[in-house]
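> Sharing a structure here in structure tokens format.
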């Protein structure tokens, strides 16, 4: 376990990531790259306080009303520097730059508030071989003296990396969206990637402009997966926490573009399907449900 006394700055973390990228590619170029060890990494910051200004900035980007409860995606954002620091560790076997977010599974158990001290922990584990490279699980836990408040596991893909990990069960999404009636239409402008990057600090170049994205093998500038998750949760996130959401990302959203969103209620689970208004390709499938075992949960 690596314990940091303060949340690392994004500038420092990105500095480590850039150095990591240069070092690994240099070793590969001169034929000195070694097969890395797929080891777990554990990082912790014992005391983190979310500044109230973060709530204001979040509300501006997503067009929501101010709330005293930290939204689930903002909780992810506040822990992003720690996750990035863990993936910048010399022992991390993948190139962090250009990684693609495939999914996130989140349990938001109790409300998180600004101005209160919390403990943040990050675990990097679960390396799996994928047909397009290697995936890795990055888990963020937020807790206080009473226990866990938030736990989210993201799966990222490093394209082209072949590290001999156990194979992952390939995700598929073959449902026909032609009969789905969209309840929402999102118009995502080219600046959406840069707006979320400023809010979150996620300066992955694939989200910033078309030319940078193409350097990493993308067709164009992509929307952040967690920006789509935040849009999906607007107006749906229960007050008082006590819920779980799962989002899987499929066809990337090129910026600018339009996304149609179909919403269905299946028992206690609300399902959202985002697909291209023109292409009809599925961009994401999200599920939101109440956790019956959690306390102070309001129905939605």
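> If you take the residues in the stretch 63-81 that are at pLDDT 95 or above and part of a helix (DSSP H, G or I), which one is surrounded by the most Cβ atoms within 10 Å (Cβ to Cβ)?
Residue satisfying both the conditions and the ranking: 73.
> Please go through (1) in a strand (DSSP E or B); (2) under 16 Å from the mean Cα position of the chain (by Cα) for residue 260 and return the number of the only condition it doesn't satisfy.
Result: residue 260 fails condition (2) only.
> Regarding the stretch 220-229, can at least one residue be identified that is touching a residue at least 12 places away in the same chain (Cβ under 8 Å) and either loosely packed, with under 15 Cβ neighbours inside 10 Å or over 21 Å from residue 60 (Cα atoms) (or both)?
yes
> For residues in the stretch 244-257 being in a strand (DSSP E or B) and in contact with a helix residue (DSSP H, G or I) (Cβ under 6 Å, 6 or more places away or on another chain), which is surrounded by the fewest Cβ atoms within 10 Å (Cβ to Cβ)?
247
> Can I ask one more? Being in a helix (DSSP H, G or I) and either without any contact (Cβ under 8 Å) to a residue 40 or more places away in the chain or more than 22 Å from residue 224 (Cβ to Cβ) (or both) narrows it down to one residue among 37, 47, 56; which is it?
Sole residue among the options that is in a helix (DSSP H, G or I) and either without any contact (Cβ under 8 Å) to a residue 40 or more places away in the chain or more than 22 Å from residue 224 (Cβ to Cβ) (or both): 56.
> Sticking with this one: Looking at residue 97, is it within 19 Å of the chain's Cα centre (by Cα) and either surrounded by 14 or more Cβ atoms within 10 Å (Cβ to Cβ) or assigned to a loop (DSSP other than H, G, I, E, B) (or both)?
yes
> Related question: Which residues, counting only those in the stretch 151-177, are at pLDDT 85 or above and assigned to a loop (DSSP other than H, G, I, E, B)?
If the condition is that a residue be at pLDDT 85 or above and assigned to a loop (DSSP other than H, G, I, E, B), then 177 is the only one that fits.
> Does residue 125 satisfy the condition of being farther than 19 Å from residue 204 by Cα and either without any contact (Cβ under 8 Å) to a residue 24 or more places away in the chain or assigned to a helix (DSSP H, G or I) (or both)?
no
> Can you tell me which of (1) surrounded by 17 or more Cβ atoms within 10 Å (Cβ to Cβ); (2) over 20 Å from the mean Cα position of the chain (by Cα); (3) not in a loop (DSSP other than H, G, I, E, B) is the one residue 180 doesn't meet?
(3)
> Also, I was wondering about something else. State the number of residues belonging to the stretch 263-295 that are touching a residue at least 40 places away in the same chain (Cβ under 8 Å) and either surrounded by 17 or more Cβ atoms within 10 Å (Cβ to Cβ) or under 16 Å from residue 230 (Cα atoms) (or both).
Final tally of qualifying residues: 15.
> If you check 220, 235, 230, which single one turns out to be closer than 27 Å to residue 194 by Cβ, part of a loop (DSSP other than H, G, I, E, B) and touching a helix residue (DSSP H, G or I) at 6+ places or on another chain (Cβ under 6 Å)?
220
The values are calculated or read from the model by the stated rules, or taken from the named source; none is laboratory data. The structure presented is a predicted model; accordingly, all values stated were derived computationally and were not measured. Note: ideal-geometry Cβ built from the backbone for every residue, glycine included; neighbour counts use all protein chains shown.
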